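Please treat every number below as a calculation from the coordinates, not as lab data. Source: prediction; values computed, not measured. With ideal geometry, Cβ positions are generated from the backbone for all residues, glycine too; neighbour counts draw on all protein chains shown.
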């Protein structure tokens with residue numbers, strides 16, 4: 001059993017799962033905004049990075065790690081709300097190209113501001129738990145207490161969000177407002193408030209993902225921290241189906257595991273190649289994504 | 001304007017004058033009053049001086065040839081279209097005042113200070129009175145400088161209307177395609193007090209309880225209309241007649257005092273029509289019903305009163321039997337002078 005847990009494939013699976021839940025979380029945040037406002041938020045990763053910087057910059061003032069995480073998430077929530085009210089609201093009802101151009105511009109702007117304020121070099125983010133992999137009867141298992149905490153945190157946040165959307169009255173209002181705003185207004189749903197709330201929630205989820213990425217992967221917190229995870233998450237969301245939160249989560253985890261196996265058995269250069277190949281195949285066979293149900297319409 | 005006491009047909013413009021409408025509104029329990037409503041789209045007069053009212057417990061039919069302006073009237077009532085002139089009032093609706101946050105603070109602050117300051121405790125209620133007086137003064141000044149302080153229950157937005165107890169079904173069905181039948185009906189209950197954001201997010205008991213009450217009531221509305229067995233199905237999977245009933249069940253979830261039905265009979269067969277008419281008659285004990293309908297066989301025995309529109313003007317109002325004999329109505333429908 002110990003040898004099995006320490007085997008190459010199980011190690012790849014655990015490392016992939018670790019990365020995959022974070023990808024799933026970013027994909028979920030993307031899907032939430034798409035469902036609420038039908039806008040592809042290309043600045044989602046940059047907004048999350050910015051929120052993480054706001055929280056983690058408090059480390060310089062000897063504020064504890066957990067307080068920094070709380071501030072980062074609050075900054076993420078607030079950032080989402082302000083962005084929707086100030087920037088995105090002007091894009092509703094405009095040609096489809098307008099939100100794409102504006103959100104790509106917003107991404108560049110946020111990364112430029114982060115570079116100017118906090119610099120391009122990475123900012124070390126402390127780990128709340130040990131990063132040393134567990135040992136079991138002398139065998140190393142490819143997961144640490146810190147890794148386990150991050151997997152659990154990401155899954156809890158993701159499941160909370162999905163449950164909120166699927167099983168609560170608030171989620172019902174969010175879904176109704178996204179699907180048919182005019183009908184929702186007739187029923188007393190405050191559509192404008194729901195759209196803002198959708199952005200607030202998704203931006204908060206993105207901030208959690210950025211904090212996890214910053215404290216675990218690569219050189220710590222950098223202005224381009226979320227570029228690679230966002231790219232994979234975007235592909236995962238499209239494969240899973242932009243209308244399906246569960247699809248985004250599952251596809252995100254699958255892509256994370258696939259990435260680790262590709263890195264281990266082939267080469268990291270093949271990761272995007274395979275991911276894009278999967279995207280093209282899925283779009284050809286099932287354009288709405290693997291997990292989105294097609295809705296029949298009476299004619 | 002026909003009144004409840006004397007429901008005679010009339011195409012006389014004087015009979016539907018605004019003054020007559022207002023007088024009647026005060027005399028009877030009016031749920032909806034339209035006063036000289038006009039709507040202009042560019043150079044096109046969609047509605048001209050339309051005045052009528054619907055009283056509590058009454059079923060009123062709004063009829064007219066295609067393009068007469070029936071849907072525009074509904075859109076004006078629901079706040080989707082703003083009238084270029086005239087007023088829409090909901091005298092029986094729950095009180096609703098909408099002010100901007102800044103105005104609300106300006107009006108609230110003097111009263112709050114009056115209630116809570118230690119000076120107020122010593123001086124009794126005089127401070128509170130002074131606060132009220134200041135708030136009234138501010139309100140008047142705001143009107144003089146043309147800051148919009150909407151009057152009670154006039155020109156409400158669609159979401160405010162639902163909260164004021166006005167509910168509407170749409171032409172066709174208008175159900176949310178991605179929500180189940182039960183969720184569609186639950187979506188109609190958003191004007192109720194329910195769990196807030198944090199109670200929903202963290203599944204606190206208060207939120208869970210509110211959600212359960214909403215779910216139970218949605219099921220009972222479906223049951224009342226005899227379609228509870230379709231609750232878990234998606235709208236695309238149910239027959240058209242059932243979907244129509246689901247739309248009505250959703251509209252009833254906000255416990256309206258005024259129900260607007262937009263072509264409720266379209267697409268229903270004879271047996272469904274009879275059943276549907278019986279359900280609408282049942283509703284009159286709780287609310288007023290205004291319906292737009294082309295199917296005269298369905299409308300005539302169902303309604304208490306008819307309002308007939310042609311080219312955006314009210315050409316007749318009154319009992320169905322009287323309206324049927326009205327020369328202006330016959331000309332509008334048949335295109336010949338009898």
| How high is the FRET efficiency between residue A:74 and residue B:282 when r is their beta carbon distance and R₀ equals 60 Å, given to the nearest 0.05? | 0.70
| task | Counting other beta carbons within 10 Å of each Cβ, put B:285, A:268, A:202 in order, fewest first. | result | B:285, A:268, A:202
| remark: 1/(1 + (r/R0)^6) with r = Cβ-Cβ of residue A:227 and residue B:325, R0 = 56 Å, i.e. FRET efficiency to nearest 0.05, evaluates to 0.15
| What ranking, highest mean first, results for peptides B:79-86, B:167-174, B:318-325 when packing means the other Cβ atoms within 10 Å averaged over each residue? | B:167-174, B:318-325, B:79-86
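Using only helices, what value at 222 nm comes out for chain A when you add -39,500 (n - 2.57) per DSSP H run of length 4 or more and divide by the total residues, to the nearest 500 deg cm²/dmol?
Working: 12 runs with 206 residues, N = 299.
It comes out at -23000 deg cm²/dmol, rounded to the nearest 500.
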| request: Could you line up A:265, A:167, A:53 from fewest to most neighbouring Cβ atoms inside 10 Å? | output: A:265, A:167, A:53
| message | Testing the spin-label approximation: label points 7 Å from Cα along Cα→Cβ at residue B:270 and residue A:121. State their distance in nm. | response | 8.9
| Listing B:244, A:94 from the residue with the fewest other Cβ atoms within 10 Å to the one with the most, what is the order? | A:94, B:244
| field | Average beta carbon contacts from partner chains per residue of A:185-197, 10 Å cutoff | value | 6
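Sort largest first and round to whole Å: the equivalent ellipsoid semi-axes of the stretch A:2-285, each the square root of five times a Cα gyration tensor eigenvalue.
Details: eigenvalues 195, 100, 67 Å².
Semi-axes, largest first: 31, 22, 18 Å.
For peptide B:161-174, compute the average count of partner chain beta-carbon atoms within 10 Å of each residue's beta-carbon.
Details: counts 3, 6, 2, 1, 1, 2, 3, 3, 1, 4, 0, 1, 1, 4.
Per residue, the number of nearby Cβ atoms from other chains is 2 on average.
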| request: Quote to one decimal, in nm, the extra length available between residue A:152 and residue A:182 on full extension: 0.36 nm per residue of separation minus the C-alpha distance between them. | output: 6.9 nm
| query | Just how far, in whole angstrom, is the stretch A:113-130 from the stretch B:258-283 if you go by their alpha carbon centroids? | reply | 64
| query | What is the spin-label model distance, in nm, from residue A:89 to residue A:130 if the labels are put 7 Å beyond Cα along the C-beta direction? | reply | 5.1
| task | Give the calculated FRET efficiency between residue B:296 and residue A:10 to the nearest 0.05, with a Förster radius of 45 Å applied to their Cβ-Cβ distance. | result | 0.05
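Compute the whole-percent fraction of alpha carbon pairs in the stretch B:257-311 spaced more than 17 Å apart.
On the way: 482 of 1485 pairs.
Above the 17 Å cut-off, the stretch B:257-311 has 32 percent of its Cα pairs.
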| Which angle between 0 and 90 degrees, to the nearest 10, do you get for helix A:227-240 versus the longest principal axis of chain A when only C-alpha atoms count? | 60
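Per residue of B:73-80, count partner chain C-beta atoms within 10 Å of its C-beta, then hand back the mean as an integer.
On the way: counts 0, 0, 0, 0, 0, 3, 2, 3.
So the per-residue partner count for this stretch is 1.
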| query | So what is the relative contact order of the stretch A:23-121, in percent, for Cα pairs below 8 Å that sit 6 or more residues apart? | reply | 33
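Which order do peptides A:70-77, B:37-44, B:211-218, A:147-154 fall in by mean Cβ count within 10 Å, highest first?
Details: A:70-77: 20.9, B:37-44: 13.8, B:211-218: 17.6, A:147-154: 19.4.
With the highest mean Cβ count within 10 Å placed first, the list reads A:70-77, A:147-154, B:211-218, B:37-44.
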| said: Using the basic label-point model (7 angstrom from Cα toward the beta carbon), what is the residue B:141 to residue B:208 distance in nanometres? | reply: 5.1
| field | the stretch A:143-299 shape via C-alpha gyration tensor axes, a/c threshold 1.5 | value | oblate
| field | Inter-part distance where the stretch A:194-266 and the stretch B:306-327 are each reduced to a Cα centre, Å | value | 63
| said: Under the rule a/c < 1.5 gives rounded, and otherwise a/b versus b/c splits prolate from oblate, where does the stretch A:140-233 land using the Cα gyration tensor? | reply: prolate
| By the gyration tensor of its Cα atoms, with a ≥ b ≥ c the square roots of the eigenvalues, what is the shape of the stretch B:173-255: rounded for a/c under 1.5, prolate for a/b over b/c, or oblate? | prolate
